[in-house]
């Protein structure tokens, strides 16, 4: 939008020859780097939740259980994840599609839900099933109750469920959503 305003000032200057318009274009063009810096600096709740989801996927792929549970609040959900993760060895974990991040208005602490599809190459730690590509539907509930690296409140996963892409549970499905 800023570039469109600058272009309008330049067109106005070219048509009228008024010096004030070219100075306005130059001054307004200085706002472009400022807007880029602001957009990079200011992280919205949705962007932060998306970052967390991708960080958790990287930790899952690296089989870094501590890295995964770092984003899960101190609860039964964390215990469930710590009980479930060591059963499997992941060689790939990728977020296919972030279907929805929904901020739930009026909740204290702030709450959100997310739904995403993931693709993993997974095998049992000790068992016959090795390196199988699996597509899963994951639903997360989150609350802004944790403390981030900057000391500010941060989003924590308070519950999760995973199931086949149809959404119907199977023998591997879990549900710790509240």
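The values are calculated or read from the model by the stated rules, or taken from the named source; none is laboratory data. Computed from a predicted structure; not experimentally measured. Cβ coordinates were reconstructed from backbone atoms using ideal geometry, including for glycine residues, and neighbour counts include every protein chain displayed.
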- Query: With respect to residue 119, is the statement that it is surrounded by 17 or more Cβ atoms within 10 Å (Cβ to Cβ) and over 13 Å from the mean Cα position of the chain (by Cα) true?
  - Reply: no
- Query: Can you tell me how many residues in the range 125-151 are exposed (fewer than 13 other Cβ atoms within 10 Å of the Cβ) and over 20 Å from residue 175 (Cα atoms)?
  - Reply: 13
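Is it the case that the range 70-77 has a residue that's assigned to a helix (DSSP H, G or I) and modelled with pLDDT under 95? Outline the logic, then answer.
Of the residues in the range 70-77, the ones assigned to a helix (DSSP H, G or I) are 76-77.
Checking the rest, the ones that are also modelled with pLDDT under 95 come to 76-77.
Yes: one or more hits.
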- Task: Those residues that are touching a residue at least 12 places away in the same chain (Cβ under 8 Å) and more than 18 Å from residue 154 (Cβ to Cβ), I need them from the range 103-115; list them, please.
- Result: 115
- Listed residues 95, 43; which is in contact with a helix residue (DSSP H, G or I) (Cβ under 8 Å, 6 or more places away or on another chain), at pLDDT 95 or above and closer than 27 Å to residue 157 by Cα? 95
- Message: With over 26 Å from the mean Cα position of the chain (by Cα) and modelled with pLDDT of 95 or more as the only criterion, which of 60, 56, 11 stands out?
- Response: 11
- Task: Evaluate the following for residue 104: is it crowded, with 19+ Cβ neighbours inside 10 Å and closer than 25 Å to residue 76 by Cα?
- Result: no
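Got a sec? Which of 170, 154 is at pLDDT 80 or above and surrounded by fewer than 12 Cβ atoms within 10 Å (Cβ to Cβ)?
After applying the criteria, what remains is 170.
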- Do you know which residues across the range 14-40 are in contact with a helix residue (DSSP H, G or I) (Cβ under 7 Å, 6 or more places away or on another chain) and within 30 Å of residue 150 (Cβ to Cβ)? 31, 32, 35
- Message: I'd like to verify a number: residues in the range 118-132 that are farther than 18 Å from residue 58 by Cβ and in contact with a strand residue (DSSP E or B) (Cβ under 7 Å, 6 or more places away or on another chain), how many?
- Response: 7
